[in-house]
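One structure is given here, and the rest of the page talks about it.
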Amino acid sequence: MNVLAFTFLLWIGSLFAGFLGALTGLGGGVVLVPLLTIFFHVDLRYAIGASLVSVIATSSGSAAAYLKEGFSNIRIGMFLEIATTLGALLGAYLTAKVPASVIAIIFGIVLLYSAYVSRRTRPREEIAQAPDPIATKLKMNSSFPDTTGLRTYNVYRVPAGFGIMFGAGALSGLLGIGSGALKVVAMDQAMKIPFKVSTTTSNFMIGVTAAASAGVYLSRGYIDPALAMPVMLGVLIGSLMGTRVLVKTRTKSLRLVFSVVIVLLGVEMLIKGIGGKF
Amino acid sequence: MDSLDNPKHPLSNADWYEEQVENTIAQLLRGGVLLAAVVVIAGAVLYLGSSPLAHVSYRTFQGEPEHLKSVHGIVRSAFAGQARSIMQLGLLLLIATPIARVIFSVFAFAIESDRMYVIFTLIVLGVLLYSLFGSFLVA
């Protein structure tokens, strides 16, 4: 394929990835690497590099919009970033040590798990217990604007959330993804933070997490400017469009569509990884 | 924050301050991404204009040349007018954006006298700077 056609097709594909990623809070990166490797026949390491750079663009671009809405919790984000950045550093170092086929298999599992998480509906039981004393000490309990006005919330199980965040960071560094699904699991499921606050704070954290492994990637030559350019510009514009829709639409049907896409890509990554096609 | 609930309700100092911080971070992130995108697009125009019909393939990993792998090399070759280096400079600005945000947060928490969060933020900043410069030293 020639430069012009390749760049244009990649830009369109990335635009869709960014749009869906922002809408679901799962990030565009989770579909970018399979998109690049399966459909554009890009080497896994170049794909991971381009994906990671785009993840920073998505996170920073949409965090700006979310912050103005008042959904993000900066304190929760900053505290948990200690875990995600340390994990990201570890993950980025592991990328050079782990064979490509193993990375592909891990990627497939992460995709299937992301889809499973996004489909699982958790009954929102009202928790009567007192918030985690650690959360109170770290000033994490806060409020966010809801349809009915300002809604306050408490934060639970901080150590469990911190632990999952380290794992999310390691996966982010290993696979060049934002690990949005795992970050949302840590906040939404473990720490019982309201879904909208979880997804937006997750988006906010992803950029800092990705920056922690980007330096390692750059020095290893994983980041190719001509490949990352259309991917980054596409994902950025797509995610900005997706962010605008998030506040208005119900996420239910969209998450279903996105989950199906993720499952298909996950199965493909698993098959190719097991078959040693990377 | 409170003002969304009742516009006439006077904000407390802390709430007003936090809202200012959030607005500034939002502008910082947006500005950084916008600047990065403009530089990447400038490089892209040069790159696509120079050889639009050349064959391209990323099937095999070769790694990037030395001048695209370090901050110093990227800046120098970008100012020499190389299209790929200009795009890489834009990507470098993008990587720098979250780092700038963390640096800003250090000062924001310091002004608020929130020593605990100043320390948390400095830890995060340390990890980020180690990644960007520590790995270059090794490489």
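We did not get these values from a lab; they are worked out from the coordinates using the rules stated. Keep in mind that this is a model prediction, so the values were computed, not measured. Counting neighbours? That spans all protein chains shown, and the Cβs are built from the backbone with ideal geometry, glycine included.
For the reader, a short list of remarks on this structure follows.
- Folded to 0 to 90 degrees: helix A:195-219 orientation relative to chain A principal axis, Cα: 40
- Helix runs (DSSP H) in chain B reaching 30 Å along axis by Cα, Kyte-Doolittle at least 1.6: B:83-111
- Summary: within chain A, the longest segment free of GluC sites (Glu not before Pro) located in DSSP loops with at most 15 other C-beta atoms within 10 Å is A:127-278.
- In this label model, B:GLN20 and B:LEU35 are separated by 2.2 nm, measuring between points 7 Å along each Cα→Cβ vector.
- The stretch B:11-93: trypsin sites (Lys or Arg not before Pro) in DSSP coil with no more than 13 other Cβ atoms inside 10 Å: B:ARG59
- Summed residue charge, Cβ within 15 Å of A:GLY87's Cβ, Lys/Arg positive, Asp/Glu negative: 0
- Within chain A, the longest run free of trypsin sites (Lys or Arg not before Pro) that sit in a DSSP loop with at most 12 other Cβ atoms within 10 Å is A:125-247.
- Among A:MET205, A:MET140, A:MET229, sorting on how many other beta-carbon atoms sit within 10 Å of each Cβ, with the fewest leading, yields A:MET140, A:MET229, A:MET205.
- Lysine pair count for the protein assembly as shown [Cα-Cα under 15 Å; pairs on different chains or 8 or more apart]: 5
- Ratio of the Cα radius of gyration of the protein assembly as shown to 2.2 N^0.38 Å, where N counts its residues: 0.94
- Acute angle (nearest 10 degrees) that the helix A:225-246 long axis makes with the longest principal axis of chain A, alpha-carbon atoms: 30
- Rounded tilt (10° steps) of A:44-69 against the dominant C-alpha axis of chain A: 30
- Simple spin-label estimate for A:LYS137 and A:SER101 in nanometres, 7 Å along Cα-Cβ: 4.8
- Sorting A:ILE106, A:ILE271 from the fewest to the most surrounding beta carbons within 10 angstrom yields A:ILE271, A:ILE106.
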